[in-house]
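S.K.: Take this structure first; my questions come after.
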Amino acid sequence: MNEPVLDGRRLRSDRSRAAVVDALLALYEAGNAQPGAAEIAVRAGVSERSVFRHFEDLDSLAEAAIERELERFGDLFEAPSPDGELTSRVVALVLQRVQLYEAVGAVARAAALLAPRSTIVANAVRFRREMLRRQVAVQFDRELGALGRR
């Protein structure tokens, strides 16, 4: 079966879209948690109009950036094994969280600022928090189960 051949325009468009997402992530990592379209465009080497040609608004761009981060660092969200002694489980969870936050900290800070005005980002933040909370519950189920409800 023949694979579809992408024409030059489509390849340029894909590269431009990726550059915009990369620019937003780079701005987050540089400490700019709420860059404007003009800053993103300059960083990406495209026109501001191109930013909005690829993304309906800055929230949809932020959503694409979150998706990119999950593709890049999704394996860091995997919980360590809940087996073994308490000390080794604590160390494993702490190491996993340190690696995770070192990798996605800048995007997480930006997402926390964007969440109050973006349902998409708020849902992503809520999902991540709940997932990490469940990991703690699973990791320390024996110890938590032995405690009273209080």
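The values are calculated or read from the model by the stated rules, or taken from the named source; none is laboratory data. These numbers were taken from a predicted model, which means no experiment stands behind them. All Cβ positions, even for glycine, are placed from backbone atoms using ideal geometry, and neighbour counts span all protein chains on display. Protein only, heavy atoms only, side chains kept; ligands, DNA and RNA dropped before computing areas. Shrake-Rupley method; radii C 1.70, N 1.55, O 1.52, S 1.80 Å.
S.K.: Report the dimensions of region 1-148 along its three principal axes from the alpha-carbon atoms, largest first, rounded to Å.
M.R.: Each principal axis gives a Cα extent; for region 1-148 these are 60, 45, 24 Å.
S.K.: Can you give me the Kirkwood hydrodynamic radius for region 95-150, using every pair of distinct Cα atoms, in Å to one decimal?
M.R.: Taking the inverse mean of 1/r over all distinct Cα pairs, region 95-150 comes out at 13.0 Å.
S.K.: Please give the contour-minus-distance gain from residue 94 to residue 138: 0.36 nm per residue of separation, less the Cα-Cα distance, rounded to one decimal in nm. Let's see the in-between values first.
M.R.: Numbers: separation 44, 0.36 × 44 = 15.84 nm, distance 1.44 nm.
Taking residue 94 through residue 138 to full extension adds about 14.4 nm, to one decimal.
S.K.: Sticking with this one: Using only the heavy atoms of the protein chains and a 1.4 Å probe, how would 78, 48, 143 rank by accessible area, largest first? All intermediate terms of the calculation are to be shown ahead of the outcome.
M.R.: Working: 78 125, 48 90, 143 60 Å².
Order by accessible area, largest first: 78, 48, 143.
S.K.: OK, next. Pick out which of 134, 68, 97 has the largest mean-square fluctuation in a Gaussian network model of the chain, springs linking Cα atoms closer than 10 Å.
M.R.: 134
S.K.: At residue 77 and residue 38, where each label point lies 7 Å from the Cα along Cα→Cβ, what is the point-to-point distance in nanometres?
M.R.: 3.5
S.K.: Okay, moving on. Got a sec? Charge dipole of the chain, +1 on Cβ for Lys and Arg, -1 for Asp and Glu; which of 66, 33, 148 is way out at the positive end?
M.R.: 148
S.K.: Nearest 20 debye, what's the magnitude of the dipole of region 4-150 about its Cα centre given +1 on Lys and Arg Cβ and -1 on Asp and Glu Cβ?
M.R.: 280
S.K.: Hey, what number do you get for the chain at 222 nm if only DSSP H runs of n ≥ 4 count, each worth -39500 (n - 2.57), divided across all residues, to the nearest 500?
M.R.: -24000 deg cm²/dmol
S.K.: Mind ranking 75, 22 by accessible surface for me, highest first, 1.4 Å probe?
M.R.: Numbers: 75 100, 22 75 Å².
Solvent-accessible surface, decreasing: 75, 22.
S.K.: Using a basic spin-label model with each label point 7 Å from the Cα along Cα→Cβ, how many nm lie between residue 122 and residue 9?
M.R.: Distance between the two pseudo-spin positions: 3.9 nm.
S.K.: Between 0 and 90 degrees, rounded to the nearest ten: what's the tilt of helix 8-29 against the longest Cα principal axis of the chain?
M.R.: Taking Cα atoms only, the helix is inclined about 50 degrees.
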